[in-house]
Amino acid sequence: MNLISRIRVASLGLTVPLLNFPKPFTFVGPDASLSLVREIIGFGVKRVMVITDGQLLQLGIVNPLIELMENTNVQVEVFSEIEPDPGYELVLKGVQRLKDFKPDAVLAVGGGSSIDGAKAILLSHANDCHPSRLRGIWLYSLPRKGCLPFFAIPTTAGTGAEATIAAVVSDKAAQIKYAIIDPKTVPAMVALDPKLMVSLPPFITAPTGMDALTHAVEAYISTISTTETDELARMSAASIMRNLIIAYTDGQNLEARERMAVAACMAGLAFTRAGVGYIHAIAHQLGALYHVPHGLANAIVMPYVLEFSKPNCAHRLAELARISDIGENGASDAELADAFIARIRKLNAEMEIPESIKELKREDFDKIIDRAFAEAHGTYAVPRYMTRDDAMVLLEKLLP
Ligand SMILES: [Fe+2]
């Protein structure tokens with residue numbers, strides 16, 4: 001990593017703790033989604049645009065929320081065209097629908113793609129610009145206008161998008177994913193409703209939960225973490241280590257679902273300040289190049305990046321092991337760090353997550369490294385930076 005990138009990361013470390021990031025007011029528990037909608041109605045809104053995906057609409061998960069609003073004479077327009085990894089075209093379509101319907105509030109219901117898509121649509125709409133112009137950190141842009149009142153109901157326990165200042169958008173033509181980072185995209189209120197998550201199949205529960213764990217772990221080993229992000233990340237990681245496998249094997253378990261939802265939201269609050277790291281930087285490229293789902297890519301890449309990072313963060317990984325009841329009493333930090341990484345591998349195996357990326361090709365290594373370094377260096381405060389050779393060795397391990 002060059003000197004300019006090091007200075008940028010150091011300046012983020014100095015600046016971020018001084019900034020006041022908004023946090024959404026959060027309803028938690030069975031039927032929390034209905035409580036949130038009642039609050040929205042109570043604000044006197046007359047026109048609400050619901051942003052979601054077609055599948056959720058078909059499953060009937062959004063219907064009770066729409067009915068509650070319509071029964072109190074709130075006019076509802078549903079934009080249900082959200083698809084995985086929302087791109088420019090989708091964002092622009094959403095902006096047009098906002099212009100046509102002129103809502104006085106927006107409610108996103110769904111996984112990370114619905115909430116990220118809604119954030120990009122809202123910010124593009126407010127600033128009347130193409131989403132590509134919103135790329136990167138708001139600190140380096142001209143002042144932006146605020147969005148319409150925004151509310152969110154996540155239906156997966158994963159991205160933490162309901163609590164973060166970031167939205168990931170895809171430039172599909174260039175096969176690149178990038179982040180829009182702006183505190184104006186944080187919802188005013190969110191609802192974490194485990195009842196909306198009980199029907200999630202195990203193959204979604206597993207990768208989304210591992211995405212949340214990645215947020216907690218990367219935030220905790222970040223070199224710009226704060227006392228607040230450390231506490232959030234520790235509690236989140238410990239809760240996920242205990243509850244993810246329960247939610248995976250017993251999807252109807254409301255308690256485990258609720259704890260996972262809260263943990264994912266806490267991890268979101270942690271990484272929105274402390275940032276993520278190489279796991280995400282590499283996983284984003286695997287998503288953009290081969291369409292590997294985000295959480296799955298994170299889950300597979302995580303043990304390898306933690307092995308590489310361990311020499312500079314063993315004490316932090318050991319702390320996560322201690323709080324998660326992993327490892328032997330009296331074990332050294334190095335032993336506990338190993339035990340923590342081993343538990344992640346075991347969790348992956350128990351949830352049938354493979355150890356390699358089946359689509360990965362050696363001829364793409366240079367492209368993946370260029371893009372992962374472009375994302376990470378100067379942006380992510382990781383405990384140990386990689387050289388090109390380090391990254392090559394790591395990618396070799398990910399080959400099928
Ligand atoms: Fe993530």
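The values are calculated or read from the model by the stated rules, or taken from the named source; none is laboratory data. Please read these numbers as outputs of a predicted model, since none were measured by experiment. Every residue, glycine as well, gets a Cβ built from its backbone with ideal geometry; the counts of neighbours run over all protein chains shown. Areas reflect the complete protein model, heavy atoms only, side chains present, ligands, DNA and RNA absent. Shrake-Rupley method; radii C 1.70, N 1.55, O 1.52, S 1.80 Å.
Going by the structure shown, is Ser124 among the small types (Gly, Ala, Ser), touching a residue at least 40 places away in the same chain (Cβ under 8 Å) and open to solvent by less than 10 Å² (accessible area, probe 1.4 Å)?
Taking the combined requirement at face value, the residue does not satisfy it.
Select from the range 347-376 the residues that are more than 23 Å from the chain's Cα centre (by Cα), surrounded by 12 or more Cβ atoms within 10 Å (Cβ to Cβ) and in a helix (DSSP H, G or I) and list them in ascending order.
The answer is Asp364, Phe365, Asp366, Lys367.
Can you tell me how many residues in the range 135-166 are at pLDDT 90 or above and within 19 Å of the chain's Cα centre (by Cα)?
17
Which residue pairs have Cβ atoms closer than 6 Å, lie 6 or more positions apart in sequence or on different chains, and pair a first residue in the range 65-89 that is over 18 Å from Ile180 (Cβ atoms) with a second residue that is open to solvent by 10 Å² or more (accessible area, probe 1.4 Å) and in a strand (DSSP E or B)?
Within 6 Å, the pairs are Ile66/Val76; Met69/Val76; Glu70/Val76; Gln75/Arg47.
If we keep just the residues of the range 155-166 that are in a loop (DSSP other than H, G, I, E, B) and out of contact with any Asp or Glu (no Cβ under 7 Å at 6 or more places or on another chain), which is farthest from the ligand (Cβ to nearest atom)?
Top of the filtered list is Thr155.
Considering each of Val305, Val276, Val301 in turn, give the residue that is within 24 Å of Ala381 (Cα to Cα) and in a loop (DSSP other than H, G, I, E, B).
Going through Val305, Val276, Val301 in turn, the sole match is Val276.
Residues that are away from the ligand (no atom under 13 Å from the Cβ) and over 18 Å from Thr52 (Cβ atoms): does the range 145-154 have at least one?
There is at least one residue in the range 145-154 that is away from the ligand (no atom under 13 Å from the Cβ) and over 18 Å from Thr52 (Cβ atoms).
Which count do you get for residues in the range 104-113 that are open to solvent by less than 10 Å² (accessible area, probe 1.4 Å) and either away from the ligand (no atom under 16 Å from the Cβ) or among the aliphatic types (A, V, I, L, M) (or both)?
5
Please specify each residue of the range 12-24 satisfying the condition of being surrounded by 13 or more Cβ atoms within 10 Å (Cβ to Cβ) and assigned to a helix (DSSP H, G or I).
Answer for the range 12-24, where residues must be surrounded by 13 or more Cβ atoms within 10 Å (Cβ to Cβ) and assigned to a helix (DSSP H, G or I): Leu12, Gly13, Val16, Pro17.
Could you please find all residues in the range 380-398 being in contact (Cβ under 8 Å) with a residue 12 or more places away in the chain and either over 21 Å from Ile353 (Cα atoms) or touching a Ser or Thr at 6+ places or on another chain (Cβ under 6 Å) (or both)?
Hits for the range 380-398 are Tyr380, Ala381, Val382, Pro383, Arg384, Tyr385, Met386, Arg388, Asp390, Ala391, Met392, Leu398.
Restricting to the range 39-53, name every residue that is surrounded by 14 or more Cβ atoms within 10 Å (Cβ to Cβ) and assigned to a helix (DSSP H, G or I).
Glu39, Ile40, Ile41
Could you tell me whether any residue of the range 268-277 is hydrophobic (A, V, I, L, M, F, W, C), open to solvent by 30 Å² or more (accessible area, probe 1.4 Å) and more than 23 Å from Ala339 (Cα to Cα)?
yes
Could you tell me which residue of the range 167-179 is modelled with the highest pLDDT, considering only residues that are within 14 Å of the ligand (Cβ to nearest atom) and open to solvent by 20 Å² or more (accessible area, probe 1.4 Å)?
Val168
Only one of (1) touching a helix residue (DSSP H, G or I) at 6+ places or on another chain (Cβ under 8 Å); (2) not β-branched (Val, Ile, Thr); (3) not in a helix (DSSP H, G or I) fails for Gly330. Which number is that?
Failed condition: (1).
Please enumerate the residues belonging to the range 223-246 that are within 14 Å of the ligand (Cβ to nearest atom) and touching a Lys or Arg at 6+ places or on another chain (Cβ under 9 Å).
Ile240
Can you go through Asp100, Asp116, Asp182 and tell me which one is in contact (Cβ under 8 Å) with a residue 24 or more places away in the chain and more than 15 Å from the ligand (Cβ to nearest atom)?
Asp182
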